[in-house]
Amino acid sequence: MNNEQVPGRIRQQNQLLIFSAAQEEFVHHGYKGASIKRIAERANLPRANIHYYYKNKLALYDAVLTDIVETWNLSFDTIKAEDDPKEALTAYIRAKVMYSKAHPAASRIFASEIIHGAPHLQTYLRSQFFDWMQQKTSAIESWIHQGKMDPVDPIHLLFFIWGANQHYADFGVQVLAAMNKDSLSEDDFEHIAATLIKFVLKGCGIPPTKN
């Protein structure tokens, strides 16, 4: 490894530590209650290291939100008019469920931001997010016009998918209590994904995949 690679690797490692610690802090205390001091302690880094990468708490919070949104857009940009709706919706729902499994803190931070009026996401919601919604609802409308699925409201279909799968991250404590479990296993999440896929496909008049 050459001398130029070392600083880049250290920076990447530090930022991963900071992001992980920041997510935990924002989940437990929200933006207003979070502190850079505790984030530094969670990351086991000097407070000066946090400020080296991020000017203040707002800059770090904005970076965390941006990372969450960009990851979602990259991971779930799978719905296109030319796709088969069964395959596209199945892949989309499963990816969303598994994201909630792997990144529950990210889901809760995003939910908290929205619940509080999205003060830091207004620009995104009225620009990139709106454009994304237009593209995806147009794709679903195309499937409907082609007779590939029943006429359902595309916007509310997406709302249903989001609400159903994110429930397992945002309300995890309630889910575990209802299921009398300490944690959900890999098999549990596979069952959740299969169940939600069945609900959505049946509700859209799309024959489910036969095992």
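No lab work stands behind these numbers, since they all come straight from the coordinates. What you see is a predicted model, and the numbers here were worked out from it, not measured in a lab. Virtual Cβ from ideal backbone geometry, glycine too; neighbours counted across all protein chains shown.
The table that follows gives values for the structure above.
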{"read-out": "Leading residue by the ranking (surrounded by the most Cβ atoms within 10 Å (Cβ to Cβ)) among those in the range 145-161 that are more than 27 Å from the chain's Cα centre (by Cα) and closer than 15 Å to Asp83 by Cα", "value": "Lys148"}
{"read-out": "Filter pass, Glu190 being surrounded by 14 or more Cβ atoms within 10 Å (Cβ to Cβ) and of a type outside the set (A, V, I, L, M, F, W, C)", "value": "yes"}
{"read-out": "Some residue of the range 83-96 being under 30 Å from Glu25 (Cβ atoms), free of Cβ contacts under 8 Å to residues at least 12 places away in the same chain and not polar (S, T, N, Q)", "value": "no"}
{"read-out": "Test result for Ile140, outside any loop (DSSP other than H, G, I, E, B), within 25 Å of Glu87 (Cα to Cα), in contact with a helix residue (DSSP H, G or I) (Cβ under 7 Å, 6 or more places away or on another chain) and not acidic (Asp, Glu)", "value": "yes"}
{"read-out": "Answer residue from the range 56-103, given it is in a loop (DSSP other than H, G, I, E, B) and farther than 26 Å from Arg38 by Cβ and is nearest to the chain's Cα centre (by Cα) among those", "value": "Asp77"}
{"read-out": "Residues located in the range 168-200, provided they are of a type outside the set (Gly, Ala, Ser) and touching a residue at least 60 places away in the same chain (Cβ under 8 Å)", "value": "Tyr168, Asp170, Leu184, Phe189, Ile192, Leu196, Ile197, Val200"}
{"read-out": "Residue list for the range 16-57, restricted to those being touching a residue at least 60 places away in the same chain (Cβ under 8 Å) and not small (Gly, Ala, Ser)", "value": "Gln23, Glu24, Phe26, Val27, Tyr31"}
{"read-out": "Residues of the range 108-137 satisfying the condition of being assigned to a helix (DSSP H, G or I) and hydroxyl-bearing (Ser, Thr, Tyr)", "value": "Ser112, Thr123, Tyr124, Thr137"}
